[in-house]
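One structure below.
The values are calculated or read from the model by the stated rules, or taken from the named source; none is laboratory data. Predicted model only: the values in this text are computed from it and were never measured. As a convention, Cβ positions derive from the backbone with ideal geometry for all residues, glycine included, and neighbour counts pool all protein chains shown. Side chains are part of the model used for accessible areas, which takes the heavy atoms of the whole protein and leaves out ligands, DNA and RNA. Shrake-Rupley method; radii C 1.70, N 1.55, O 1.52, S 1.80 Å.
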Amino acid sequence: MGFFSRNRFAILLFCAVFVVFGNSIFNGYALDDEFYTAGANKFTQKGIKGIPEIFTTRTFYNNDGTGYSYRPVALTSFAIEIQLFGEKAKTSHFFNVLIYAFTLVLLYGLLRKWFANKGDWFSFFICLVFLVHPIHTEVVANIKCRDELLAFFFSILMFRFIWKHLETKKWWTLIAVSLCFGLAMLSKTTATPMVIFVPFSVWYFTSEKWWKGLIYIAPVVAAFLIIKIALISKLPEMSRTLQGFENPLADMNGAQVTSTAAYVLGRYLWLHIIPYPLIFYYGLNEVPIGSWSNPIAIISVVIYAGLAVWGWTEFRKKTAAGFGLIFYMGNILLFSNLFGAAPGIMAERFAYFASLGFVIVAVDLIFRYSKFDPLSFDWKKQNSSKIKWTFIIICVIFSIRSIGRNESWEDKETLYRNDVALAPESAKINMLLGSLLSAQAAQINYESQQYLTQAQQLAAQGRQREAQESQRLGNSKKEE
């Protein structure tokens, strides 16, 4: 069997990423790209020379000079990119798509290990639905979200090395596990829940005793301690206060926080099933401050309680759906606002990790309720046509939606104008669009004044030359 035959699914996934997200490469700079690039970051502007400073300072800064967050790996990727290719939006977009493509290849290899008893098609369909899901358009099409892409990429690579160690017992794979987790956390701390899923996945997908999975906690904890002691402890103190339009829940009572969290969780689930509308910023007014009189919050609690009970049943059987449910809820709860206020109250990028769990559940249910064994699936066989067409329809619809949404991220004005129509109550979107249009009007007014001044100067010069010429002609006639 040749290389392409052995790796046909991985190659198809890699190419499919460029089919679905390739149009985002031609976009310009959009939301918050100046945090990393767009000519606005003093560290990435220095290229490779700026890397030492990147690791010894906070990543983002407030207007008063105080800093917050620490994502040096993501920032370093831009410094290297600018050093090698210059600072261009299309280059940054290309690398975002490329990282996503390699992530899908790694993910497919990992899922083949996890779901070896279900065959390659099962893992391929999970990756394909994950790939085309429109909720990922923000992560891929927004340059700034490279931090999310890298955090997930290194997390998946970490799991790949864990399985490499399970198979070979080679000591260097544990070092690689530690390194990958460190890189994931230094990209963005959304990788934090992976600490729990390291031992859990080992127990869930192998015949090892649960306590043996704890062995792999050691390199993860080692990476965390190194980062904490060697890097974070030496940074300036972090200062980040969310403004009211970003998230007002910090000043709300318990009932308001919990009901809003329930609403947010319900809306995340909705966006996974029906990804419309997709909005670059939710925030105040678009996400109503909760009340337990809100039927959506109540319905959401009932649904998630049902998912928890079902998840426990599936968990005990060690089914694919059981793992998917636990992975989904373990990641999405982090951004429900129950454990701290999230910027914008909710965001599609916050669902990136969790969506893998959702897709695993969805694919498992499609096979299960079609009463079709994934191991028996064959694309060419007639008895596989029902499953085949189910995935074709899902992927075509999601792909069209993703390709269209990529275009909304063309630039700031396109994004703001598009999304203010989808979320007219969002305070932040209205503010951003208003500020952008005001800045454009001020620039136009400035340029108009410049043109007017230039025209007046030229007119004055013309009148002066005309007067000089008239005087010269008058002097000539006198001499005659």
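The long axis of helix 352-369 is offset from the longest Cα principal axis of the chain by roughly 50 degrees.
Diffusion coefficient (Stokes-Einstein, Kirkwood radius over C-alpha pairs, 20 °C, 1.002 mPa s) for the range 246-330: 152 µm²/s, rounded to a whole number. Protection proxy ranking, highest mean first, for peptides 130-139, 358-367: 130-139, 358-367, where packing is the per-residue count of other beta-carbon atoms within 10 Å, averaged.
Converting the Cα gyration tensor eigenvalues of the range 349-426 into ellipsoid dimensions via √(5λ) gives semi-axes, longest first, of 36, 15, 10 Å. Fraction of C-alpha pairs exceeding 29 angstrom in the range 135-291: 38 percent, rounded to a whole number.
Stretching the chain fully between Ile303 and Asp64 yields a gain of 81.6 nm (0.36 nm per residue, less the alpha carbon separation). Sequence-distant contacts, meaning Cα pairs under 8 Å at least 6 residues apart, place the relative contact order of the chain at 19 percent. For Leu284, the residues 5 or more places off, or on other chains, whose built amide H falls under 5 Å of its own are Ala427, Lys428. Between helix 427-479 and the chain there is an angle of about 20 degrees, using the helix long axis and the longest principal axis of the Cα atoms. Here the average projected area of the convex hull drawn through the C-alpha atoms of the range 99-193 stands at 6.3 nm². Summing charges over neighbours of Ile387, with a neighbour being any other residue whose Cβ is under 15 Å away from its Cβ, gives +3 when K and R count +1 and D and E count -1.
Taking label positions 7 Å along the Cα-Cβ direction at both Trp270 and Thr57, the computed distance is 4.2 nm, reported to one decimal.
Protein heavy-atom accessible surface, 1.4 Å probe, per residue over the chain: 48 Å². Computed extension gain for Thr192 through Ser384, at 0.36 nm per residue and net of the alpha carbon distance, reaches 65.2 nm. Counting only aspartates and glutamates at least 8 places from Lys388 when in the same chain, those with an alpha carbon closer than 20 Å to its own are Asp120, Asp364, Asp373, Asp378. Each label point was placed 7 Å from the Cα along the Cα-to-Cβ direction; for Ile217 and Ile397 their separation is 4.2 nm. Just the protein heavy atoms count here, and of the accessible area of the range 152-239 at 1.4 Å, carbon and sulfur take up 72 percent.
Between Phe372 and Ile232, residue separation times 0.36 nm minus the direct Cα-Cα distance comes to 45.3 nm. Residue pairs exceeding 24 angstrom between C-alpha atoms, taken from Lys90/Lys113; Lys90/Lys428; Lys49/Lys428; Lys317/Lys380; Lys49/Lys234: Lys90/Lys113; Lys90/Lys428; Lys49/Lys428; Lys317/Lys380.
Placing R0 at 56 angstrom, the Cβ-Cβ distance between Arg8 and Glu447 gives a FRET efficiency of 0.50 after rounding to 0.05. Report, in degrees rounded to the nearest 10, the 0 to 90 angle that the Cα long axis of helix 89-114 makes with the longest principal axis of the chain. With rounding to tens, the tilt is 0 degrees. Between the alpha-carbon centers of the range 243-313 and the range 7-81, tell me the distance in whole angstrom. Rounded to whole Å, the Cα centres lie 30 Å apart. The alpha-carbon of Lys88 sits under 17 angstrom from the alpha-carbons of these lysines, leaving out residues fewer than 8 places away in its chain: Lys42, Lys46, Lys144, Lys412. Note on Lys188: aspartates and glutamates with a C-alpha under 20 Å away, same-chain residues under 8 apart excluded, are Asp32, Asp33, Glu34, Glu53, Glu81, Glu138, Asp147, Glu148, Glu237, Glu246, Glu348.
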